[in-house]
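Since the structure comes first, as structure tokens, the remarks are kept for the end.
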Amino acid sequence: MQKTVKILAVLLAAQLLLAAGVGLTGRSISAGNEPVSLLEFDGEKVNRITLEGPDDAKVTLEKEGGTWVLPDVADFPVNSDKVKQLFDRLKALRSGAPVATSRSARERFKVSDEVFERRITLSSGDETLARLYLGSSPGMRLIHARNEASDAIHAVKMAAYDVPMKAEDWEDKSILTLLKSDIAAIDVGGLRIQRSSAETVQDKATDESSPQPTWKAEGIDEGKALKVEAADKLAGLLAELRFERVLGQEAKEEYGLNDPVLTITLTQKGGAKLTYQLGKAKDKEEYTLKVSNRPEYFRLASYKAKPLIESASLENLTKKIAEKAKKGALSK
């Protein structure tokens with residue numbers, strides 16, 4: 001009996017030791033597979049981002065004096081929010097258990113030096129701080145990724161389209177915008193539209209949601225009056241003007257600016273003047289915008305250009321005065 005008890009005690013002790021060993025091993029494996037950052041970098045030190053894609057596609061972003069620009073587009077300003085968004089996405093990438101680690105798997109998952117969907121290089125001067133390859137997609141919003149410093153290939157939450165490969169996708173489209181409340185006058189088609197000197201306190205506020213300001217017109221035909229709502233709409237379109245893409249700094253006949261379909265001069269409250277010229281290509285709906293304070297020519301989407309042309313027409317900005325109102329005005 002005592003012998004049996006001893007045997008059972010030994011077996012129990014062995015089971016406890018085995019269970020403890022399995023537990024420790026499990027914790028070790030779990031710790032080894034715990035997700036960590038796939039790409040470590042200090043965004044403040046990065047002053048160049050090189051993005052590469054299939055068919056030799058390449059976009060370079062550089063930081064100059066604290067501002068991100070496109071060196072291949074004459075240092076045109078970059079949308080800084082998009083750069084921040086890219087950094088945030090890269091920092092959020094986590095590496096768990098790799099799907100592959102062999103060098104032969106790199107081309108299969110499109111994360112090799114020669115075959116990739118995206119190659120993202122973060123640099124400080126001539127020093128490469130980090131480089132990431134994005135390749136094939138195993139599923140919705142998932143992509144295979146490899147840190148250049150590692151052989152491990154991971155499936156991460158990201159997509160190739162999160163890293164656009166056209167310079168126009170990185171351009172700061174708000175470069176032409178201004179505060180509507182800063183517009184003092186608009187000259188178009190021989191008509192001068194001015195913000196009324198009898199502005200209310202609300203009109204003077206910079207809050208664009210403030211009540212509609214009062215506009216008056218000079219050079220208006222007899223028997224006609226300004227449509228205040230239409231004038232305010234035109235001011236709003238100019239204030240929120242966003243282009244489609246930068247065409248460069250060279251004038252071209254095809255832009256149609258030798259005979260523009262629209263010319264507007266805008267005067268700001270400080271006295272600065274901006275001249276807008278809009279040209280249309282022959283036989284196609286392509287519009288090119290030139291603004292006097294910028295050296296670039298801009299492609300303006302037709303859904304932006306047409307409402308601007310319509311809103312700036314004298315037919316839209318003015319209305320006939322009713323006969324009674326006209327007589328009343330004359331009697332005064």
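Here's the yes/no breakdown for (1) modelled with pLDDT under 95; (2) over 19 Å from A159 (Cβ atoms); (3) in contact with a strand residue (DSSP E or B) (Cβ under 8 Å, 6 or more places away or on another chain):
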| position | (1), (2), (3) |
| --- | --- |
| K3 | yes, yes, no |
| A14 | yes, yes, no |
| A19 | yes, yes, no |
| L51 | no, no, yes |
| T60 | no, yes, yes |
>> If D187 satisfies all but one of (1) assigned to a strand (DSSP E or B); (2) surrounded by 18 or more Cβ atoms within 10 Å (Cβ to Cβ); (3) not assigned by TED's automatic domain parsing to the domain that holds A235, what's the number of the condition it fails?
In response: (3)
> Would you say L247 is in contact with a strand residue (DSSP E or B) (Cβ under 8 Å, 6 or more places away or on another chain), part of a helix (DSSP H, G or I) and at pLDDT 95 or above?
Replying inline: no
>> Give me the residue from the stretch 99-125 that is of a type in the set (S, T, Y) and not in a strand (DSSP E or B) and, out of that set, nearest to R48 (Cα to Cα).
In response: S112
> Among the numbered criteria (1) out of contact with any helix residue (DSSP H, G or I) (no Cβ under 8 Å at 6 or more places or on another chain); (2) within 23 Å of E229 (Cα to Cα); (3) at pLDDT 95 or above, which single criterion is violated by S311?
Replying inline: (1)
>> Condition first: touching a helix residue (DSSP H, G or I) at 6+ places or on another chain (Cβ under 9 Å), in contact (Cβ under 8 Å) with a residue 60 or more places away in the chain and not acidic (D, E). Now tell me which residues in the stretch 243-261 satisfy that.
In response: F243, R245, V246, G248
>> If I filter the stretch 286-306 down to residues being part of a loop (DSSP other than H, G, I, E, B) and polar (S, T, N, Q), which single residue comes out as surrounded by the most Cβ atoms within 10 Å (Cβ to Cβ)?
In response: S292
> Only one residue in E254, E250, E240 is surrounded by fewer than 18 Cβ atoms within 10 Å (Cβ to Cβ) and under 20 Å from V188 (Cα atoms). Which one?
Replying inline: E240
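The values are calculated or read from the model by the stated rules, or taken from the named source; none is laboratory data. Not measured: the values here are computed from a predicted model. Cβ coordinates were reconstructed from backbone atoms using ideal geometry, including for glycine residues, and neighbour counts include every protein chain displayed.
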